[in-house]
Amino acid sequence: MKNKLPAIYLTVVGHPNEGKSSVVSTLVEDDAILVSPWPGETRESEEYPLRPGGLVHIFFIDTPGFQSPRRTLEWIRAHEEKAGGKDLVRFFLETHAADPDFKDECGIFETFLKSTGILYVVDATRPLRKGDLAEMEILRLLGFPRMAVMNPKNTKEDLAEEWKLALRKNFNAVHVFNALSAGFAERIRLLSSLQSMDPDLEDLLQPVIETMKRDWKERLFLSARLILDLVEKVASFRVTGKAGQRSSIPQKTGELTQDWLEGIRGMEKESWSTLREIFRHRFFAPVPGFLTLEDTDLFSRESFRIFGLSRAQLATLGGGTAAVLAAGVDLALGGASLGLVSLTAGAIGAGWAYWGTRNADTRRLAGIQISGVELVIGPVRDIRIPWMVLDRSLMLFHTLITRPHAARDQSIFENKSFLHYLENKEQRKIFSLITSASKGEPRDSLREEGYQILFQVLTRMADQKK
Amino acid sequence: MIFHQTYQKIADLVDLEWFLSQETDRPVSGKDGAFPVIEAASDFSDQECLLAWLKVQRGASLGAGEPLPGSKVLFSLNILFFLTSLVAFGMGAVISLGVLHYDGSLPVNLLYAFAILVFLPFTTVLLTLLVVLFYRKNIPPAYSLLLYGFRRLLDFMLHGMGSSLPGEKRQNAMIRKRKMEDFSRKYAPLVRSVLFFVFQLGGFFLVAGIFITFFIKVTGSDLAFAWQSTLNIRPETLARLFETLGTPWRFFFPEAVPDLDQIEGSRIFLKDGIADLPGEHLAAWWLFMIMALLVYGLLPRFFLLVFAFWQLRKRVFATIPDDSRTRALCFFLRQSAVPHGKEKSFWERSVVSEKGVLTHDEKRETVFEGPWELWISDEIPEDAKGVLLQKIQSRLGSAPKRVFSVDLQGLPGFSGLVPLVVALEVFMPPVLEDLQVLQELSEKSRMPLWIWPVGLPEALPPYAPTPEDLVIWRKKFESLPEPRPLLFGNAQHEK
């Protein structure tokens, strides 16, 4: 999509280790941004675009923390009479460009030259200190549109009144945004509140917010399709193999069961990977475990085949051949035998072909194997298996939408089922789809209906993510 | 005796560093266990304090049976000196033997032998003298160049890795770099002196090898010296040259200066051979050569060796391990030596109530008044100050002389020459300007400066810093140049 609106640059500033990078990471859904409990992780200012549906209008600029706020404030106070706004910033840069003590301040101030607005991030779970007041005063004296973002890093959201009071004095707007728990709705709320920072931003922000909402819906629908396709594939999945001797059937069955499990896991892995891509989680990469098959009825079937024919087919062929050959005798007798010879020969031929291959051992003709047992595992009769896969996918989906991009741990699932998000009626529809798939009779109408149902379910999950 | 003292001092330095590194947190915070009581430590200089402490530490580690690192280093140095001497002597002998080859038909080429055995070693003496005389800090010798190059490489790597290394690893790299710089600041001149001494030792034994082998060869074999030149140099020219070279010994040993007859009589034309040359002229050169080796080789080398040893000794005794750790250690040693029972001060009578309020009790028996001051950041809540004072004086073993409430940015205004404890909130990471202020204060006071970390009021126990905050602050301090502030903290609770 081509950008027609001018770009918005929002500089994110604050004291070191207050969670600036976490806020940016969550806002732009980029888990590649360096975030750590160690201060000074961000050394250079860097732009990160917000890309709802490929549209880029907003850039968040992550910056290092203020390292000399009091001295900077002192300088600004001494020079604010001479210049203001961007001119004062330029003057500061000219004066301190070569001073290592102000390296980070220069890095921050450089971004102000192109910035549309400033987001000042604070960790409001600690007390307000003189250094914070100095930083706020710097931003106030520079006079750019600005908003304070209270980021309660330890998720307590225990916000002190003194913070709010101090922030309200110095900022056009104050917004609470927990970068380690914020979801889509919180992100939208933050973007909407940017409008209060500067009324001119409204026209620019509104289309972005609309696009974000559309994009979110599309992502949910894509996820629904992906998950349902996986469930359907699992329901109809089967593996086949051949056993030479009857005695080797149990071993071969075990091997095929393992192959079946691997196959299911492979499908899940692929689906999970796509799901992660949809929600832009690159470094969070959970891997599905093997399904637990306790008391599970994996439908298994075994059939003896010779010359590629099943025993029934072989009996028919044997009986038919014997009957045709014996028909000559009946003809020779001029019909006096009433076709009994053909009938008897056919019965003997069919009986021999069927009963003679009972032991199902391998037969060879001129050293070439001509017979053996064919084993089939799946599709599963136990309906719990596709449901289990559905539940696991829902769990992943829930993790992906609730996990902010600022999180860096690899913990994944809450140990609970998410199937309760499906209402009874919806469960029945999905059940029909699974049943028809396991019978090898997929129905497009059912599938389309299933997508819609699952989309509704995912939307509900996203709305009630807590 | 001089050797022994010098060696002993080197061992002291090594052992002191080793014991300090073993102490980890204790010299910094004085926690867990009392320091040894060293009689009269309160009157000692820092160096005397450290030596007394070293003696106690050595005594305590005698039972372990393991040799101390100081002895190991001395042993390694002795091996280095011995091997250098041996190899240099051997090289000298080999060179001498190679040059002094006479098989009855061709005499030793005099000019060639002179160039190899006298002129070249003498040139190295001159070069060494030039280095010694014109050495300035901005003309780094090989060692400094190497160190400089290494530092530049490290800087380059740090800068290059800056964007890719995670913050904590980058901080650790900075600390390592700082440690190297600290070590270089303290011990680089000493290391340079040791290297200089080793070079001079090698030079002396090389010349000694040449000289002794020459002497043995002359004594035990039949050597003939003759000179030759394609340039057809006149014997008179050579006579003047040798006369000049023989000036140092001409007046008391004139036989060792060749005259014109000897020079003319020892000139050889290869096509004619030596059959017609008088034998006494061919042999008489050994006297000149041995005096030249002595005067231009052995003696200057000996003086340089003595100079190198003198310089090494001077450096060894001038090297004082003065850093934040040693200052803190000296403080605690003096504290432990001060007898109790002085008059109680205002702070000695301080009592902290359960609510953390500071009151004063005339009857209260408490610790004596120490020589240190406590500065509490004015951002720390009032109700925390009483508890803080109690904790700090219990850790330092004495009450502060004075207590101030200070603004961090106002700290450099003070320049009291007393050990300081500054109570600061550490729940936010230190920014550059805070670190600069503290480092400046530490540098100004030339006394131990401790930071007492204060956490959030909601912490358990209240105002206790988190281990994570302690690690951040400690590492930030470790990357500052010496003298740097020291952080009180329990290392056991840190990562």
For residue A:146, work out the one condition from (1) surrounded by 22 or more Cβ atoms within 10 Å (Cβ to Cβ); (2) within 14 Å of chain B (Cβ to nearest Cβ); (3) of a type outside the set (A, V, I, L, M) it doesn't fulfil. (2)
Looking only at the range A:120-141, decide whether some residue is acidic (Asp, Glu) and more than 18 Å from residue A:40 (Cα to Cα). yes
Count - residues of the range A:1-40 that are in a loop (DSSP other than H, G, I, E, B), β-branched (Val, Ile, Thr) and away from chain B (no Cβ under 11 Å): 1
If the requirement is being polar (S, T, N, Q), part of a helix (DSSP H, G or I), more than 22 Å from residue B:304 (Cα to Cα) and under 14 Å from the mean Cα position of the chain (by Cα), which of these qualifies: B:193, B:184? B:184
Out of curiosity, is residue A:446 under 23 Å from residue A:217 (Cα atoms) and either free of Cβ contacts under 8 Å to residues at least 60 places away in the same chain or not in a helix (DSSP H, G or I) (or both)? yes
Within the range B:295-322, how many residues turn out to be aliphatic (A, V, I, L, M), out of contact with any Ser or Thr (no Cβ under 9 Å at 6 or more places or on another chain) and surrounded by 17 or more Cβ atoms within 10 Å (Cβ to Cβ)? 3
Run down A:129, A:43, A:70, A:51 and say which single residue is over 14 Å from residue A:12 (Cα atoms), within 10 Å of chain B (Cβ to nearest Cβ) and surrounded by fewer than 19 Cβ atoms within 10 Å (Cβ to Cβ). A:129
Kindly provide the set of residues from the range B:407-426 that are modelled with pLDDT of 80 or more and within 12 Å of chain A (Cβ to nearest Cβ), ordered by number. B:407, B:424, B:425, B:426
In the set B:111, B:51, which member is in contact with a strand residue (DSSP E or B) (Cβ under 6 Å, 6 or more places away or on another chain) and surrounded by 13 or more Cβ atoms within 10 Å (Cβ to Cβ)? B:111
Hey, could you check the range B:427-477 for residues that are in a loop (DSSP other than H, G, I, E, B) and under 30 Å from the mean Cα position of the chain (by Cα) and say which is nearest to the other protein chains (Cβ to nearest Cβ)? B:446
Of the conditions (1) within 14 Å of another protein chain (Cβ to nearest Cβ); (2) farther than 18 Å from residue A:104 by Cα; (3) not polar (S, T, N, Q), the single one that residue A:62 does not satisfy is (2)
Within the range B:167-200, considering residues that are polar (S, T, N, Q) and within 26 Å of residue B:129 (Cα to Cα), the one surrounded by the fewest Cβ atoms within 10 Å (Cβ to Cβ): B:184
Under 6 Å between Cβ atoms, at least 6 apart or on separate chains: pull out the pairs that start in the range A:374-397 with a residue that is under 14 Å from residue A:291 (Cβ atoms) and end on any residue that is part of a strand (DSSP E or B). A:377/A:239; A:377/A:300
Return the total of residues in the range B:376-400 being closer than 16 Å to residue B:328 by Cα, in contact with a Phe, Trp or Tyr (Cβ under 6 Å, 6 or more places away or on another chain) and of a type in the set (A, V, I, L, M). 1
The condition from (1) modelled with pLDDT of 75 or more; (2) closer than 26 Å to residue A:261 by Cα; (3) out of contact with any Asp or Glu (no Cβ under 6 Å at 6 or more places or on another chain); (4) not in a helix (DSSP H, G or I) that residue A:392 misses is numbered (4)
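The values are calculated or read from the model by the stated rules, or taken from the named source; none is laboratory data. Model, not experiment: these values are computed from the prediction. Ideal geometry is used to build each Cβ from the backbone, glycine not excepted, and the neighbour counts take in all protein chains shown.
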